[in-house]
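Let me begin by presenting the structure, written as structure tokens, before commenting on it.
The values are calculated or read from the model by the stated rules, or taken from the named source; none is laboratory data. All values derive from a computational prediction rather than experimental measurement. Please note: Cβ atoms are built from the backbone with ideal geometry, for glycine as well, and neighbour counts cover all protein chains shown. The area values use the complete protein model at the heavy-atom level, side chains included, leaving out ligands, DNA and RNA. Shrake-Rupley method; radii C 1.70, N 1.55, O 1.52, S 1.80 Å.
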Amino acid sequence: MYPPKVQEPGCANGQVESGSAADVPTAGIREGGSTHLIKPGSIVMRAPQSHTAPENPPSQSTLEDLRMPVQAKLAAAWTGFMFLYIYVDYLALYKPGFVDDIRGGIVHEFDTGPTFVAVALTLMAIPILMILLSATLPAGANRGINLVVATLYVPVSMFNAVGESWTYFYFYGLSIGLEVLFLAFILRSAWTWPRRIASPATLAAGLGSEPLRRPQ
């Protein structure tokens, strides 16, 4: 004989108070048809820890070195060449007797007149236009015109020292040397212009985009 179950007050027939620990079934995990009893609080879930994880390297700040386009290099070189080209002619006015020769109608043994000023303007206008052309022309035309113009201006720069005395050797030697250095940089940048090799996928896409032609 079992003693009758005594119901606590406030509970309906056949119900047990939810706060009663005696009537709470023990949690279990079913594996392969069997139930294993698990005591409450017997398992603590822990995240796996790696003992071989490398430590965070110290942060280092380095200067970012971006590759400048060839067009920008050429335009900058022609700008520097043009500044030097103008200031050499301007500083030449300070030589004793140079202004007097200009007033007499002579510059570097040449008679001043319409032809002289037209040639002088052309020689200055070409480097000025090269600044714009180097920044806007397509790669193929840009490379070709820079190679031609820079090559032609090497003897033009050297001509400034023709007929000058050795007194101004340093002045003309430095100016011509810097001008030729700018021109050499232009020639090297244009000559070594990077080339892009098309991948087989690009070539196949280009061939596939061409319209089919009927055989004649």
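Every residue in region 63-117 that is under 22 Å from the mean Cα position of the chain (by Cα) and either on the phi > 0 side of the Ramachandran plot or outside any helix (DSSP H, G or I) (or both), please. Write out each step before concluding.
Going through region 63-117, the residues under 22 Å from the mean Cα position of the chain (by Cα) turn out to be 63-80.
Matches in region 63-117: 63, 64, 65, 66, 67, 68, 69.
Note on region 133-180: residues that are among the charged types (D, E, K, R) and part of a helix (DSSP H, G or I) total 2.
Could you tell me whether region 181-200 includes any residue that is farther than 30 Å from residue 72 by Cβ and part of a helix (DSSP H, G or I)? Taking every residue of region 181-200 in turn, at least one turns out to be farther than 30 Å from residue 72 by Cβ and part of a helix (DSSP H, G or I).
Restricting region 150-182 to residues that are under 17 Å from residue 87 (Cα atoms) and under 28 Å from the mean Cα position of the chain (by Cα), the residue that is most open to solvent (accessible area, probe 1.4 Å) is 181.
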